[in-house]
Structures are given as C-alpha cells and as structure tokens.
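Colleague: Please read through the structure below; I'll follow up with questions.
Read-outs throughout are calculated quantities, based only on the coordinates presented, and are distinct from any laboratory measurement. Quick caveat: nothing in here was measured; it's all calculated off a predicted structure. Here the Cβ positions follow ideal geometry from the backbone for every residue, glycine too, while neighbour counts run over all protein chains shown.
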Amino acid sequence: MPNSLFETEDGSHSLFSEQYGVSYHSKYGAIQETQHVFINAALRFKAVIQKEISILEIGFGTGLNAYMTLLESTKRNLAIQYTAIEAYPISMEQATALNYSTLLNNKSSQAHFLQMHSSKWATPLTITEQFQFIKQQIKFEAIDFENQFDIIYFDAFAPNSQPELWEATVLGIMYKALKKEGVLVTYCAKGVVKRTLKAVGFQIEALKGPPGKREMTRAIK
Ligand SMILES: C[S@@+](CC[C@H](N)C(=O)[O-])C[C@H]1O[C@@H](n2cnc3c(N)ncnc32)[C@H](O)[C@@H]1O
C-alpha cells in the first residue's frame with residue numbers, strides 16, 4: 001500500500017502509512033522529534049562518555065534518524081557504526097521528495113542521504129570518515145545480535161497499530177542486542193511498555209517528551 005507525504009508542524013516532511021494507519025513521525029514536527037528523542041536523549045547522552053558509538057535503528061523508514069545522526073557525527077567528530085533495520089523500504093522517488101537536507105541547511109549532504117536509501121542491503125558502506133552504515137531488510141522479530149550496540153533507536157510504529165512489536169519477545173531481543181550500559185530510547189511512554197521494558201531487564205527513566213508529548217522513555221541495560 002502506498003505512503004502519502006505530508007508536512008509536519010515544524011515544516012519537515014513525514015509519511016503516512018496507509019498500511020498501518022499511522023504516520024512515521026510526530027505531526028508536531030519530524031525533525032524536532034528526531035532531535036529530541038534520538039539525538040539529544042541517546043546520542044548526545046552517550047557522546048559525553050565515548051566518541052565511538054554503535055547504533056541499531058529499529059525502523060529506517062524515511063532515513064531521518066540516520067541522516068541527523070550522520071550530521072551530528074560530523075559536527076561532534078564522533079565515530080558512528082550505524083545499523084538500520086527495515087522490512088518495508090520506501091521508494092527512491094519518495095526519499096528524493098523529502099525536504100530534510102534543505103531544512104537542515106545541509107544541501108550538500110543530500111547525496112549522503114540518498115546514498116543510504118539506494119545502498120545495497122547487508123553491504124557495509126563508508127558514507128563519511130565518521131559514519132559507517134549498513135542496512136538490513138529483515139523483520140524486527142528476526143534480529144539476532146548479542147552485546148553489540150551502545151544505542152538502540154526504537155522507532156517502531158506505535159503500540160496501538162503494532163502491539164506485537166512492544167511485547168516482551170521483541171523488547172527482549174533489543175535487550176540482548178545492547179552492550180552493558182547500552183541505551184534504548186523511544187518516543188513511547190505508555191505504562192505497559194515501561195513495565196515490559198523493566199520486566200526484560202532494563203532500568204527506566206521517564207524524560208520530558210518532544211513538542212506535543214508529555215513524556216518519552218530512556219531504558220538502560
Ligand atoms: C515509525 S517508522 C520509522 C521512522 C524512521 N525511524 C524515520 O526516521 O523515518 C516504523 C518503520 O518500521 C517498519 N516496520 C514495521 N513493521 C516492521 C517489522 N515487523 N519489521 C521491520 N520493519 C518494520 C516500517 O516500514 C517503518 O518504516
């Protein structure tokens with residue numbers, strides 16, 4: 001089923017998934033949400049103590065999280081190993097229409113953004129000196145990493161549309177994939193999700209959410 005492109009309140013684009021009946025980002029601002037939940041609460045949080053950081057992204061989608069991480073790695077001279085998981089990729093045509101590099105005043109890096117979208121599955125790619133990228137076309141349920149990542153960007157569609165991705169089986173897979181003291185962040189702050197994160201072994205912090213959301217969650221192994 002097709003996705004439709006729309007503009008969120010900070011002017012950045014997002015997609016609405018007809019298949020899942022939900023949007024890829026907060027309607028209050030896609031860029032603002034990524035900055036707040038993934039860059040500030042996870043990447044900058046970890047970058048205080050280490051400059052080499054491995055990241056697992058749950059849901060590559062539009063590539064916005066990956067792209068803003070790439071920009072941050074250049075800005076702060078971080079060495080990032082980025083692994084993105086996505087079972088249902090968007091089309092190249094749709095990726096090309098997204099306005100992220102224009103809004104982030106980084107027109108020259110549009111080529112890097114598109115490179116991530118057009119890259120071959122399961123093939124490591126050096127995008128810049130600081131940013132190594134690989135994407136895998138598999139389902140989240142099939143992930144099998146162990147003690148490998150410093151950060152997980154857990155960016156699945158919300159529990160209302162895909163409840164099975166927020167249950168102990170998948171969150172346990174995430175726990176296993178992280179290194180000790182690894183950090184999982186999500187925009188979701190539902191009580192049942194926080195309880196499940198605790199049940200699989202995480203320590204939980206409730207943080208202030210991005211615009212339009214009271215809370216988000218940071219979970220530490
Ligand atoms: C909220 S969107 C991700 C947004 C993305 N992080 C971004 O920056 O645009 C969730 C993504 O998960 C993907 N997805 C949904 N169910 C999946 C599954 N079971 N396994 C793998 N990917 C899945 C969707 O295709 C969608 O791209």
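Colleague: Considering segment 168-185 alone, what residues qualify as being closer than 19 Å to GLU205 by Cβ and not acidic (Asp, Glu)?
Modeller: Passing the criteria: LEU171, MET174, TYR175, LEU178, LYS179, LYS180, GLY182, VAL183, LEU184, VAL185.
Colleague: What's the number of the condition ASN40 fails, among (1) touching a strand residue (DSSP E or B) at 6+ places or on another chain (Cβ under 6 Å); (2) surrounded by fewer than 19 Cβ atoms within 10 Å (Cβ to Cβ); (3) not charged (D, E, K, R)?
Modeller: Status for ASN40: all satisfied but (1).
Colleague: Now for a separate question. Tell me yes or no: at least one residue of segment 205-216 is touching a residue at least 24 places away in the same chain (Cβ under 8 Å), touching a helix residue (DSSP H, G or I) at 6+ places or on another chain (Cβ under 6 Å) and within 22 Å of GLU52 (Cα to Cα).
Modeller: No, segment 205-216 contains no residue that is touching a residue at least 24 places away in the same chain (Cβ under 8 Å), touching a helix residue (DSSP H, G or I) at 6+ places or on another chain (Cβ under 6 Å) and within 22 Å of GLU52 (Cα to Cα).
Colleague: Hey, does segment 41-48 have a residue that's over 21 Å from TYR153 (Cα atoms), in contact with a Lys or Arg (Cβ under 8 Å, 6 or more places away or on another chain) and either part of a loop (DSSP other than H, G, I, E, B) or of a type outside the set (A, V, I, L, M) (or both)? So that I can check it myself, show each step before the final result.
Modeller: Restricting attention to segment 41-48, the residues satisfying the condition of being over 21 Å from TYR153 (Cα atoms) are none.
Within segment 41-48, none of the residues are over 21 Å from TYR153 (Cα atoms), in contact with a Lys or Arg (Cβ under 8 Å, 6 or more places away or on another chain) and either part of a loop (DSSP other than H, G, I, E, B) or of a type outside the set (A, V, I, L, M) (or both).
Colleague: Determine whether THR34 is without any contact (Cβ under 8 Å) to a residue 40 or more places away in the chain, of a type in the set (S, T, N, Q), away from the ligand (no atom under 13 Å from the Cβ) and farther than 26 Å from GLU146 by Cβ.
Modeller: No.
The rows are residues; the columns are (1) away from the ligand (no atom under 16 Å from the Cβ); (2) crowded, with 19+ Cβ neighbours inside 10 Å; (3) within 29 Å of LYS221 (Cβ to Cβ).
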{"site": "PHE113", "(1), (2), (3)": "no, yes, no"}
{"site": "THR126", "(1), (2), (3)": "yes, no, yes"}
{"site": "ILE143", "(1), (2), (3)": "no, no, yes"}
{"site": "GLN148", "(1), (2), (3)": "yes, no, yes"}
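Colleague: Exactly one condition in (1) outside any strand (DSSP E or B); (2) under 15 Å from LEU56 (Cβ atoms); (3) without any contact (Cβ under 8 Å) to a residue 40 or more places away in the chain; (4) aliphatic (A, V, I, L, M) is false for VAL192; which is it?
Modeller: Among (1) outside any strand (DSSP E or B); (2) under 15 Å from LEU56 (Cβ atoms); (3) without any contact (Cβ under 8 Å) to a residue 40 or more places away in the chain; (4) aliphatic (A, V, I, L, M), the lone unmet condition for VAL192 is (2).
Colleague: Can you name the number of the only condition in (1) of a type outside the set (A, V, I, L, M, F, W, C); (2) free of Cβ contacts under 8 Å to residues at least 40 places away in the same chain; (3) over 21 Å from ALA219 (Cβ atoms); (4) buried (at least 23 other Cβ atoms within 10 Å of the Cβ) that GLU93 fails?
Modeller: The number of the failed condition is (4).
Colleague: What pairs come out if I take residues in segment 3-15 that are farther than 14 Å from LEU64 by Cβ and pair them with residues that are acidic (Asp, Glu) and within 13 Å of the ligand (Cβ to nearest atom) whose C-beta lies under 9 Å away, six or more apart or interchain?
Modeller: SER4/GLU18
Colleague: Now, a different point. Of all the residues that make up segment 77-90, how many are of a type outside the set (Gly, Ala, Ser) and either assigned to a strand (DSSP E or B) or in contact (Cβ under 8 Å) with a residue 60 or more places away in the chain (or both)?
Modeller: Count: 7.
Colleague: Could you say which residue among LEU5, LEU64, LEU70, LEU56 is crowded, with 20+ Cβ neighbours inside 10 Å, of a type in the set (A, V, I, L, M, F, W, C) and over 20 Å from MET216 (Cα atoms)?
Modeller: None of the others qualify; the one that does is LEU70.
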